[in-house]
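Right, one structure below, let's go through it.
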Amino acid sequence: QVQLVESGGGLVQAGGSLRLSCAASGRAFSRYTISWFRQAPGKEREFVAAFSWTLGRTSYADSVKGRFTISRDNAKNTVYLQMNSLKCEDTAVYYCAAAYLRVATTEGDFGSWGQGTQVTVSS
């Protein structure tokens, strides 16, 4: 299992940008698919983006395509989520999650979770 710690959240105006980081400790980081999920107040947690452990594949929720970019640096055991053109509806707690040797985007497939970082987008 890896341990995950998110950072980079904060308050930003609509149209602005933030970059979230997910730092992992533990072994074999490169063998984990790392994803970002988010949970807005009163809503269920939803998938945002994933970076597969194999072939470097990425996937995104339709609501963030073209605005968010997920990347990873295996040498630093870190995954990033660059968020541009932020909207008020992007306001949520953002979580990173890890799935070992799986190409996954479903919440139940992820065995390790960070504590979350708050992103607030103001109008």
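Can you tell me which residue within the stretch 1-30, out of those that are in a loop (DSSP other than H, G, I, E, B) and at pLDDT 95 or above, is least open to solvent (accessible area, probe 1.4 Å)?
Gly16
Just the residues that are crowded, with 23+ Cβ neighbours inside 10 Å and either of a type in the set (Lys, Arg) or outside any strand (DSSP E or B) (or both), please, taken from the stretch 76-93.
If the condition is that a residue be crowded, with 23+ Cβ neighbours inside 10 Å and either of a type in the set (Lys, Arg) or outside any strand (DSSP E or B) (or both), then no residue fits.
Six or more apart or on different chains, Cβ under 7 Å: which pairs go from a residue in the stretch 87-101 that's within 12 Å of Arg45 (Cα to Cα) to one that's acidic (Asp, Glu)? Could you list them?
From residues that are within 12 Å of Arg45 (Cα to Cα), the pairs are Tyr94/Glu6; Tyr95/Glu6; Cys96/Glu6.
Filter the stretch 31-54 for residues that are open to solvent by less than 30 Å² (accessible area, probe 1.4 Å) and in a loop (DSSP other than H, G, I, E, B); which is nearest to Leu101 (Cα to Cα)?
Checking each candidate, the answer is Ser52.
Quickly run through the stretch 94-109 and pick out the residues that are in a loop (DSSP other than H, G, I, E, B) and either modelled with pLDDT of 95 or more or over 18 Å from Tyr60 (Cα atoms) (or both).
Leu101
So, in the stretch 31-70, of the ones that are among the basic types (Lys, Arg) and at pLDDT below 95, which residue ends up farthest from Val2 (Cα to Cα)?
Arg57
Could you list, in sequence order, all residues of the stretch 1-59 that are among the hydroxyl-bearing types (Ser, Thr, Tyr) and over 17 Å from Lys87 (Cβ atoms)?
Once the filter is applied, which keeps residues that are among the hydroxyl-bearing types (Ser, Thr, Tyr) and over 17 Å from Lys87 (Cβ atoms), the stretch 1-59 yields Ser7, Ser21, Ser25, Ser30, Tyr32, Thr33, Ser35, Ser52, Thr54, Thr58, Ser59.
The values are calculated or read from the model by the stated rules, or taken from the named source; none is laboratory data. These figures come from a predicted structure and were not determined experimentally. We place every Cβ from the backbone using ideal geometry, glycine too, and count neighbours over all the protein chains shown. Remember, those area values only see protein heavy atoms, side chains included, never the ligands or the DNA or RNA. Shrake-Rupley method; radii C 1.70, N 1.55, O 1.52, S 1.80 Å.
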